[in-house]
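What follows draws every value from the coordinates through simple rules; no lab data is involved. As the structure is a prediction and not an experimental result, all values here were calculated from the model. Please note: Cβ atoms are built from the backbone with ideal geometry, for glycine as well, and neighbour counts cover all protein chains shown.
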């Protein structure tokens, strides 16, 4: 049985407590100060926290484990405005005290690129190992017209094509994970190429 490990604690600064690679900690003040609540994805591949309970609308900074990214949502059950972070956030800026739910998203394994059938890295996925040499997939087969999000490490560019064998319109991404293909290409990829940016 998969379990989500949750605990709360109070920390003065991140240097006082090294969190594990699978954890995400939310702090009530900037610079990782004040009360905090931490969640781990160790027992669940992509845990979804639909309500922060007593920590609702209190987060001001976020500390991430080395293998964790996070999406924070303005309302419970993943509603309202969204922010996505893959690095520590000493201040949430205009999103301060506006987080009501969030999702922990494990970062891409080094050298692996995955496309997912749903937004936010959910649903069926297909992955390829990338070692710096260009890879061309002329036809996505059962994944044709299904890609909605992408995970990939730094130093990789993915280009999706509207038609098989690299025909039609194309769309490229190279800034890390893409929670939603929002450039008019959702569910439109039929072929892809992986290369260096």
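In the chain the Cα-Cα distances spread across 10 Å bins starting at 0 as 9, 34, 30, 20, 7, 1 percent of all pairs. Exposure proxy for 57, 177: other Cβ atoms within 10 Å of each Cβ, ordered fewest to most, give 57, 177.
Please say if region 112-195 is rounded, prolate or oblate, where rounded means a/c under 1.5 for a ≥ b ≥ c the square roots of the C-alpha gyration tensor eigenvalues, and otherwise the choice is prolate for a/b larger than b/c and oblate otherwise? Rounded, because the longest to shortest axis ratio a/c is under 1.5. Working from label points 7 Å from Cα in the Cα-to-Cβ sense, the residue 50 to residue 135 distance is 3.5 nm. For the pair residue 18 and residue 186, the difference between a 0.36 nm per residue extended length and the Cα-Cα distance amounts to 56.7 nm.
The ranking of 26, 63 by Cβ neighbour count inside 10 Å, starting from the fewest, reads 63, 26. Here the spin labels are modelled as points 7 Å beyond Cα on the Cα-Cβ line, and at residue 163 and residue 57 they lie 5.3 nm apart.
Residues 31, 185, ranked from the fewest to the most other C-beta atoms within 10 Å, line up as 31, 185. Our Cα-only numbers for region 156-197 put the radius of gyration and Dmax at 9.7, 25 Å.
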